[in-house]
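The values are calculated or read from the model by the stated rules, or taken from the named source; none is laboratory data. No experiment lies behind these values; they were computed from the predicted model shown. Every residue, glycine among them, receives a Cβ derived from its backbone with ideal geometry; neighbour counts consider all protein chains shown.
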Amino acid sequence: MDENFVYKQVGSVIFGMLSPKMIKKMASAKVVTPELYDKEGYPVDGGLMDVRLGVIDPGLRCKTCGSRLKECIGHFGYISLARPVIHYNYVPVILTFLRNTCRECSRVLLADAKLSQVRDKLRQIGAEKGPDVMRKRLKEDIAASNNAGKCPYCKARQFKITIEKPTTFLENERRISPIEIRSRLEKVTDDDAELFGLNVRASRPEWMVLTVFPIPPVTMRPSITLETGERSEDDLTHKLGDIVRINQRLFENINAGAPEIIVEDLWDLLQYHVTTFFDNEIAQLPPARHRSGQPLKTISERIRSKEGRIRHNLVGKRTNFSARTVISPDPMLGLNEVGVPDIMALNLTVPERVTEWNIDYLKRFVKNGPKAYPGANYIIRPDGKKKKLTEDIIEATLEELQPGYIVERHLMDGDIAIFNRQPSLHRVSMMCHHVRVLPCKTLRFNPAVCFPYNADFDGDEMNLHIPQTEESRAEAELLMMVQTQLISPRYGLAVIGCVQDAISGNYLLTQKGFSLRREDAVDLLSSIGVTDLSSLPKKEVVSGKEVFSMLLPGDFNFAGRSRSKDEPEVVIEDGKLVSGVMDKNNLGEGSGLLLRNLHKKYGESFAVDLLGRLFRLGISVLFRRGFTTTIADTDLLAEAGDKISALFVSAEQEVQRLIAEFNSGQLKPFPGRSSRETLELKILEVLNKARNETGHIVADYANPGSHTLIMANSGARGNLLNLAQMAGCVGQQALRGKRIEKGFKNRTLSCFRPFDLGSEAHGFIKSSFKRGLKPAEFFFQAMVGRDSLMDTALRTPKSGYLYRRLSNAMQDLKVEYDGTVRDASGRILQFSYGEDGIDVSRSEGGTINVSRIARSE
Amino acid sequence: MADALKEYEALLPSGLVSRMVEELGDKASDSKVKSVFKRLVDEYERMKVHAGESVGIVAAESIGEPGTQMTLNTFHFAGVAEMNITMGLPRIIEVLDGRKTLATPMMDIYLKRPYSQGQDIKKIALSVKETRLKDVAAEISLNLADARIDVAVDDARLSELGMTKQGLVSVLKKEAKGLSVELRKELLCFKAKNKEENVNEVFKLKEKLKEVVIKGIKGVYQVLPVKRGSEFVIITAGTNLKKVLSLPFVDDTRTVSNDIFEIEAVLGIEAARQAVINEVFKVIENQGLNVDIRHLMLVADTMSAAGRIQGITRYGVVKNKASVLAKASFETPIKYFIEASLYGEVDKLTSVVENVMLNQPVPVGTGMLKLVAKHDEGK
């Protein structure tokens, strides 16, 4: 096996400035003409598309390295500028140099004696706080030294230097030409330059004024050929064309002895083009534009921002071997499985290396070819050549195949895949699943894992990635598998648990008085894969609790609480559910205490397996019993309706009484509040109480067997408030913690009297959703609805940005082998992670459960 | 029991030991103590973080993810009589940004006995609140002829504050700089000490005079005594921790401000770190979310590691990163590249993003370990 592994790694990246010498040295061509192509469409020698700068046309060969398109990475060229120009990005640095060095001798404006004093201190500051602090300090020192405007060395008088943005420097209102600037910077000694924070090995001050200009390779500015056969050049090429053209004109004019004004104008124009070549979004400069008026995208725009090179191409990358489609639920899949559509399986491949032992196995795939499942799409020869498998070459390939080859076979059951839903806000947004190839066209998974992905099935799409190396597969399986992620690293409790129908089903099953015939129990249990029925009590009729207990391990003990008022204590003894109802507190995510205990005692694989079975048990119960929701669930007895209306009457009276009290000035204000505010608060209190009362009435009168109430009580979905809003009354609509006040002058809507302080005029909704809302009520509800919609729309980008900043600031913090938390430069942030070294995702809600350990023997 | 504990104490964090001791009670036998602690140590060892764990990212995720669930612009109305406080996401952003000016600066002033039981609570609260001259002035008039400012004092307001006119004059003599004060009949008369009798100057002086603090603590513009549990606490809008802590009736061990920078200045960086944790935790708890305190600690530690509070922004924490590429991948890449070119910086590729850029394994988690193998010379 003679593979060419690359043993080299990039160890470090060094940054520096290009010297004119360097620019010439690395250039493979001097560009002299702005022309691009000759009449035949062949690149002009000495033009911007010179073949020595790399090739972008198929068929041509690079004249520098001799390789073809895609092999040649391109080569730099250069032009000599007729007059020097300033590099825009270094303008602030140039300014500090000009201001703090002598205009005649270019020494730092500090007397020798003083300088030797300061030098070491400055160096120290530079090392500790960075060069910009050091530079600031130097400026202060110079300002403090008070040279009376004279150079301490040559006694030359100094003038005030100002800057006219973006690139013009003025001395005493007179312009300093870049030539002058460059000559001043040239005279700065290396030692002095160091005081400004420059590292002279990487950068000399005069390099900030350009005399030669590097031409980037054509490969980084390829032209595109339009359908009409016309060529369309890259923005950079356009900009470079401008620079070369103006430079050429400047040369000619200077040589021809043109008047100074014309030369100056051209020089300024050259400066403009060079400046916009580097950055075309400078506030003081009009951006260079296409003929269509659209601004050119030059170097800086290519690099910065979210769509720039760094964030878009370097930090974010695209991958092969991935797939995306709509998701749908399938409770019959295991929690750690993902159902992959068969068409996807035909395109996603897993490479397998041929050995003596698996050659027959792999030949089967090759034999099937790319169209039949399970087949193979590619084979890779030992020399690294990849070959697409087609019907025609199957026979030949079968002959050829021998150890050392790699077969890229179709995705199969049991393969490792990483499943992801965006936004990937936490690590459980990407988990590893085992593949299950299934018919139909959606990706499927067990709804119990919806919570970590924050997925629902209203059209959500998710991504699937297939790891391609043994190493990545091993890591994915050991570190990212669903069962390893049961406990949230955020708060140390389960993030995966029964949801919705699974909770309702188990709730019904374990309720007092739920019993079923033995045959039915056996049927139910075997339908979810329980085959050992020996521990099922040998009775004609078994209770639901006994059926539930069948899933629990025989030596499991647990004491907890449920939401139910009748059976609040949950007791499990020796694997038998003695009392208590299974609801969200025990089975759900977040709390899920029963699951948490099972996980602790029996390990993650067992927990995930059991959870899958519990889930199916709950659903199977509902399959057999039937479960739905109906409007009739919100029907109330006439008695309840009367009670509710009576309640409203008394609440309304109370509100009127408060208003009257306020109007007569007798309302005693709360400390720190005006009486108007106090009135508001009191009315709110009364109305909220009234709504809560209706909630109680609804809860009292609602049929406890109704499915809506079962869902609410078990915690599967909805709560009593939802029911009360449907059956009783919707309640007060609050905008920013207050009753609704906005709208017309002195009133909320034109159907109310001005200054009406009553409940209805300020957004109290008496009606229920079932009965329907009155127009005014509907409007108030819409107001609150819109407000919360806006809130969500504004919050998402804010929290997204906070998250980005946090993760960028903290991404390199890690725990070292000695248990300390350090950043990338080895600085210790914590001596022990979280002060006790406990990993939240291994803890129980962030701590060690001391009492459990003390009690267990 | 103490003997039995000895061998385990070194192996466990002290908080955990004391919790377990409490759980066991005094009566536990030595053998029981030993067996229990052996299990505790086992369990603790299993719960410890593994080397290479990317705790920073986990912390960022743990705070960033619930951010999407937090409400914006919630004001806190706990109880009937408390004031508005920025809560929710804006407050978290404010703290983590390291903003120097807060939307709602406030303090909780705890009191020493017997004041904490409600004695003179209103009086004390008022004595903390800043009162400016304009609050007690009934009328301020200009006497342009004499370049004098006359202030008529509202006696009722003054006595409410427990001050006399004489007292007021003596306070003003100290506080109103550059002015001489005189009490003529019912009027307070002010005159500029230096004899510039420019009308403009007098107008300016008048505006300045209005804002002179005559009583209380500067910066505290609203006070509210509240009963919290079994004691009275004064909540203030506006902060001045340094002055408040020096008041004799204030319990200086518990009184806090919500201004992180003020805490840093008065109490030091360790206190500021704790304040970051407390402030963020308060918001998260208030929103009914669940985030482990360890994540907040790590964020607070990154913010305070430099010895002063730095925000999680391009001017704060990110600026101090060693790697050019890591800085560039965050914001303003051009700026960092230009700087790097001047100083000839070397990026050693020790953190995560640089290696992502170069398609190399990142040095955290499973990428952290390096294999050292002896090269066999003979072969």
Determine, yes or no, whether residue A:118 is in the same structural domain as residue A:93 (by TED's automatic domain parsing), β-branched (Val, Ile, Thr) and either modelled with pLDDT under 75 or crowded, with 16+ Cβ neighbours inside 10 Å (or both).
yes
If we keep only residues of the range A:797-830 that are at the interface with another protein chain (Cβ under 7 Å from one of its Cβ atoms) and among the acidic types (Asp, Glu), then the residue farthest from residue B:61 (Cα to Cα) is A:816
Scanning the range A:10-22 residue by residue, those in contact with a strand residue (DSSP E or B) (Cβ under 6 Å, 6 or more places away or on another chain) and away from every other protein chain (no Cβ under 14 Å) turn out to be A:20
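The rows are residues; the columns are (1) in the same structural domain as residue A:585 (by TED's automatic domain parsing); (2) surrounded by fewer than 21 Cβ atoms within 10 Å (Cβ to Cβ); (3) more than 33 Å from the chain's Cα centre (by Cα); (4) within 26 Å of residue A:492 (Cα to Cα).
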residue: A:601; (1), (2), (3), (4): yes, yes, yes, yes
residue: A:605; (1), (2), (3), (4): yes, yes, no, yes
residue: A:608; (1), (2), (3), (4): yes, no, no, yes
residue: A:611; (1), (2), (3), (4): yes, no, no, yes
residue: A:614; (1), (2), (3), (4): yes, no, yes, yes
residue: A:635; (1), (2), (3), (4): no, yes, yes, no
query: Based on what the data block shows, is residue A:546 more than 42 Å from the chain's Cα centre (by Cα) and part of a helix (DSSP H, G or I)?
result: yes
Can you confirm whether residue A:739 is buried (at least 19 other Cβ atoms within 10 Å of the Cβ) and touching a His at 6+ places or on another chain (Cβ under 7 Å)? yes
For the range A:649-682 the number of residues that are among the β-branched types (Val, Ile, Thr) and touching a Phe, Trp or Tyr at 6+ places or on another chain (Cβ under 9 Å) is 2
When you scan the range A:449-470, do you find a residue that is touching a residue at least 40 places away in the same chain (Cβ under 8 Å), over 30 Å from residue B:362 (Cα atoms) and in contact with a Cys (Cβ under 7 Å, 6 or more places away or on another chain), even just one?
no
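For (1) over 39 Å from the mean Cα position of the chain (by Cα); (2) of a type in the set (Ser, Thr, Tyr); (3) surrounded by fewer than 20 Cβ atoms within 10 Å (Cβ to Cβ), each residue gets a yes or a no:
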residue	(1), (2), (3)
A:338	no, no, no
A:361	yes, yes, yes
A:379	no, no, no
A:389	no, no, no
A:394	yes, no, yes
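Within the range A:831-842, does at least one residue satisfy the condition of being aromatic (Phe, Trp, Tyr), outside any loop (DSSP other than H, G, I, E, B) and more than 7 Å from every other protein chain (Cβ to nearest Cβ)?
Start the filter on the range A:831-842 by keeping residues that are aromatic (Phe, Trp, Tyr), which leaves A:831, A:833.
Checking the rest, the ones that are also outside any loop (DSSP other than H, G, I, E, B) come to A:833.
Now restrict to residues that are more than 7 Å from every other protein chain (Cβ to nearest Cβ): none.
No, that holds for no residue.
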For this session: Please work out if residue A:417 is at pLDDT 95 or above and of a type in the set (A, V, I, L, M).
Result: yes
The condition from (1) within 13 Å of another protein chain (Cβ to nearest Cβ); (2) surrounded by fewer than 17 Cβ atoms within 10 Å (Cβ to Cβ); (3) not hydrophobic (A, V, I, L, M, F, W, C) that residue B:302 misses is numbered (2)
Any residue at all in the range B:353-370 that's at pLDDT below 85, over 18 Å from residue A:313 (Cβ atoms) and not hydrophobic (A, V, I, L, M, F, W, C)? yes
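Yes/no matrix, rows are residues, columns are (1) under 14 Å from residue A:648 (Cα atoms); (2) without any contact (Cβ under 8 Å) to a residue 60 or more places away in the chain:
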site: A:695; (1), (2): yes, yes
site: A:700; (1), (2): no, no
site: A:718; (1), (2): no, yes
site: A:738; (1), (2): no, yes
site: A:743; (1), (2): no, yes
site: A:757; (1), (2): no, no
| query | Mind checking whether some residue in the range A:166-178 is part of a loop (DSSP other than H, G, I, E, B) and within 46 Å of the chain's Cα centre (by Cα)? | reply | yes
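To keep it simple, each residue is scored yes or no on (1) surrounded by fewer than 16 Cβ atoms within 10 Å (Cβ to Cβ); (2) at negative phi; (3) away from chain B (no Cβ under 12 Å); (4) part of a helix (DSSP H, G or I).
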position	(1), (2), (3), (4)
A:448	no, yes, yes, yes
A:452	no, yes, no, yes
A:455	no, yes, yes, no
A:458	yes, yes, yes, no
A:462	no, yes, yes, no
A:473	no, yes, yes, yes
A:478	yes, yes, no, yes
A:484	no, yes, yes, yes
A:489	no, yes, no, no
Expected output for the range A:524-540 (first residue in contact (Cβ under 8 Å) with a residue 40 or more places away in the chain and assigned by TED's automatic domain parsing to the domain that holds residue A:506, partner of a type outside the set (Asp, Glu) and outside any loop (DSSP other than H, G, I, E, B), Cβ below 6 Å, 6+ apart or cross-chain) is A:524/A:620; A:527/A:620; A:528/A:613; A:528/A:616; A:528/A:617; A:528/A:620
- [ ] Taking residue A:33 as the residue in question, decide whether it is over 40 Å from the mean Cα position of the chain (by Cα), in contact (Cβ under 8 Å) with a residue 60 or more places away in the chain, more than 14 Å from chain B (Cβ to nearest Cβ) and part of a loop (DSSP other than H, G, I, E, B).
- [x] yes
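Per-residue answers, yes or no, for (1) more than 7 Å from chain A (Cβ to nearest Cβ); (2) surrounded by 15 or more Cβ atoms within 10 Å (Cβ to Cβ):
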| position | (1), (2) |
| --- | --- |
| B:17 | yes, yes |
| B:20 | no, yes |
| B:23 | no, yes |
| B:31 | yes, no |
| B:43 | no, yes |
| B:52 | no, yes |
| B:55 | no, yes |
Out of all the residues in the range A:403-420, is one or more over 30 Å from residue A:456 (Cβ atoms) and outside any strand (DSSP E or B)? yes
Selection from the range A:375-423 of residues of a type in the set (Ser, Thr, Tyr) and closer than 28 Å to residue A:439 by Cα yields A:378, A:390
Cβ pairs under 6 Å, 6+ apart or interchain, first in the range B:272-290 and under 22 Å from residue B:306 (Cβ atoms) and without any contact (Cβ under 8 Å) to a residue 60 or more places away in the chain, second acidic (Asp, Glu) and surrounded by 17 or more Cβ atoms within 10 Å (Cβ to Cβ), ordered by first then second residue, are B:272/B:264
Hey, does the range B:151-168 have a residue that's β-branched (Val, Ile, Thr), assigned to a helix (DSSP H, G or I) and modelled with pLDDT of 75 or more? no
Within the range A:63-104, residues within 18 Å of residue A:31 (Cβ to Cβ), without any contact (Cβ under 8 Å) to a residue 40 or more places away in the chain and of a type in the set (Ser, Thr, Tyr) come out as A:64
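Here is a check on your reading of the model: is residue B:351 of a type in the set (Gly, Ala, Ser), under 17 Å from residue A:132 (Cα atoms) and within 7 Å of chain A (Cβ to nearest Cβ)? Lay out the reasoning, then the answer.
Details: of a type in the set (Gly, Ala, Ser): yes; under 17 Å from residue A:132 (Cα atoms): no; within 7 Å of chain A (Cβ to nearest Cβ): yes.
No, not satisfied.
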